[in-house]
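Since every read-out is calculated from the coordinates, none of them should be taken as a lab result. Please read all numbers here as calculations on a predicted model, not as lab measurements. We place every Cβ from the backbone using ideal geometry, glycine too, and count neighbours over all the protein chains shown.
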Amino acid sequence: MYKLSFKSGSLIIDCESQDIDALNTYLKWDDRINVWRARADHYRSIVMILRENNSEFEDLCPDYKPIDITMDSTLELRDYQNEALGKWEEGGKQGVIVLPTGVGKSIVGAAAIARTKRPALVVLPTIDLMQQWASMLEKMFQQPIGMLGGGSRDVQDITVSTYDSAVIMMEYIGNRFGFLICDECHHLPGAVNRTLAEMSIAPFRMGLSATPERDDGMEEVIFDLLGPEVYRRDIKEFSTDTLSAYEVVRIEVELEEDEQETYDLNREIYRAFLSKYNIRFTGPQSWNRFIQQCARMPDGKEAMKAYMTQKKISTSCRQKMLAIEGLLKTHAGERIIIFTQYNDLA
C-alpha cells in the first residue's frame, strides 16, 4: 500500500521499504523526517507505474478537481493552431510547441486549457506578458483570472504568474494545478527557473516558444520538464495575411581596443578554467557542472567573474549602443520596439 502526498514542493511516498523497487528511479530517502521523497514533476510517472502494476495506493497529492470551462465560441482556431493542439494531445498532453512571434501561441495555450479542463497555471517572463495573458484569458473564459506577480497574489482556477513569483510560490501551490503552461519556455532551464516546473505535480504540460534553442545547449532541460517538441512551424511558412512582411538585417560592430583587450583577457581565464577541469558544453548538465566547479575550486570565483565580464562586453559594447542610436535617428518619428535579453540594457 502506497500513500502519496505533496509537501513543500515535493512528493512524500509512504510505503514499506520492500515496495520501493518499482519506483526506485524516482525516490530518495530523506533522513530528516525519515520518508521517501520524489520530485513533484515525477507525479505523473509514479502514478502511471503504480496503475500499470495494479498497486494499491492512496493519492492525496492533487488539491484540485476538473473544471467546467468553455472558450469563447466565436473564436475559430487557424489550421496550424489546431494542428499544434492535435500533436500536443497525441503526445499525452505534454510537449513544446514552436511557433513564430505574432501567430497566436497564446490562443493555442488558451484552447489547451479549455480542452484539458484542469486548473491551469500560465508562467510568463515579464509582468507585461502576464497582464496580456490575464486580459486575453478573462475575455476567452468570462471568469476571474488569478495573478501572481507585480504586486498581485491571487490564485484562481486559471492563474497567470511571472517566472520569479512562480518559483517563490510553487512549494505552496505546486499541487493546485493540473496543467502547467510555460510561455517563452526558453527561460525555463535557468538553475532557479527550472525549480518551478520541478515543484509542480501538473500531469499536463505545455511549453511555448519561438526560439527554444539556447546557446548553452540547455534546451534539453525544457524537454525533460515539459515534454518533447511536438510541433514546429517556421516563420517562412506563414503568408503575409498572417504575419506582416519583414526583412532581417544583421549589423555587425567591432569592439573598441580597450574592450577587445579586456574581453580577450577574461575569455582566456574562462576558457582555461573549462580546460583545466575538463568542462565541455555538450548537454543540459554542462552549465550546472561549470557552476558547481566555480563554487568548489579556489579559482572558480575568478572564472565566473571572467565569464560574466566577457559576456557583458559582448552584449553591451559601445559600438552596439552607437549603432542603436544611429538607427533611432534614422527612423525618428517611426514606431520602434527594441528587445533585449538583459534588464540592465533595457
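For N278 and I337, compute 0.36 nm times the residue count separating them, minus their Cα-Cα distance, and round to one decimal in nm.
Between N278 and I337, full extension yields 17.1 nm more.
Add -39500 (n - 2.57) for each DSSP H run of 4 or more in the chain, then divide by its residues: what number comes out at 222 nm, to the nearest 500 deg cm²/dmol?
Here the helix-only value at 222 nm equals -12000 deg cm²/dmol.
Please rank S316, S200, fewest neighbouring Cβ atoms within 10 Å first, as an exposure proxy.
On the way: S316 14, S200 29.
Least crowded to most crowded, the residues run S316, S200.
Please report W88, W29, W287 as a ranked list, fewest other C-beta atoms within 10 angstrom at the top and most at the bottom.
Listing W88, W29, W287 from fewest to most nearby Cβ atoms yields W29, W287, W88.
For labels at E256 and E83 in the simple 7 Å Cα→Cβ model, what's the distance in nm?
Computed distance between label sites E256 and E83 equals 4.9 nm.
What residues qualify as long-range amide H neighbours of Q94, i.e. H under 5 Å apart, gap of 5 or more or another chain, H built at 1.01 Å from N?
For Q94, the qualifying residues are R205.
Among the DSSP beta bridges whose two residues both lie in the chain, what percent are antiparallel, rounded to the nearest 5?
Of all bridge pairs located within the chain, approximately 35 percent are antiparallel.
With the cut-off at 1.5 for a/c, could you classify the stretch 8-96 from its C-alpha gyration tensor as rounded, prolate or oblate?
It is prolate, given that a/c is not under 1.5 and a/b is the larger ratio.
Just to be sure I understand: of the beta bridges DSSP finds with both ends in the stretch 147-300, what percent are antiparallel, rounded to 5?
The answer is about 30 percent antiparallel.
Give me the percent relative contact order of the chain, please, defined on Cα pairs under 8 angstrom at least 6 residues apart. Could you put the intermediate results ahead of the total?
Values: 526 pairs, mean separation 57.1, N = 346.
Once divided by the residue count of the chain, the mean separation gives 17 percent.
I'd like the Karplus ³J(HN,Hα) series for the stretch 306-312: coefficients 6.51, -1.76, 1.60, θ = phi - 60°, whole numbers in Hz, and an x wherever there's a Gly or Pro.
In residue order, the calculated couplings are 5, 4, 5, 5, 5, 5, 5 Hz.
Using only the Cα atoms of the stretch 2-59, what do you get for the radius of gyration and for Dmax, in Å?
Over the stretch 2-59's Cα set, Rg and Dmax evaluate to 10.4, 31 Å.
Pairs to check: K7/K139; K139/K236; K7/K65. Give those whose C-alpha atoms are more than 23 Å from each other in this structure.
The answer is K7/K139; K139/K236.
Would you mind ranking F141, F6 by Cβ crowding within 10 Å, fewest neighbours first?
With the sparsest Cβ surroundings first, the list reads F141, F6.
Sorted by packing (mean other beta-carbon atoms within 10 Å per residue), highest first, where do 185-197, 329-341 land?
By packing density, highest mean first, the sequence is 185-197, 329-341.
Cα extents of the chain along the three principal axes, largest first, in whole Å?
69, 60, 37
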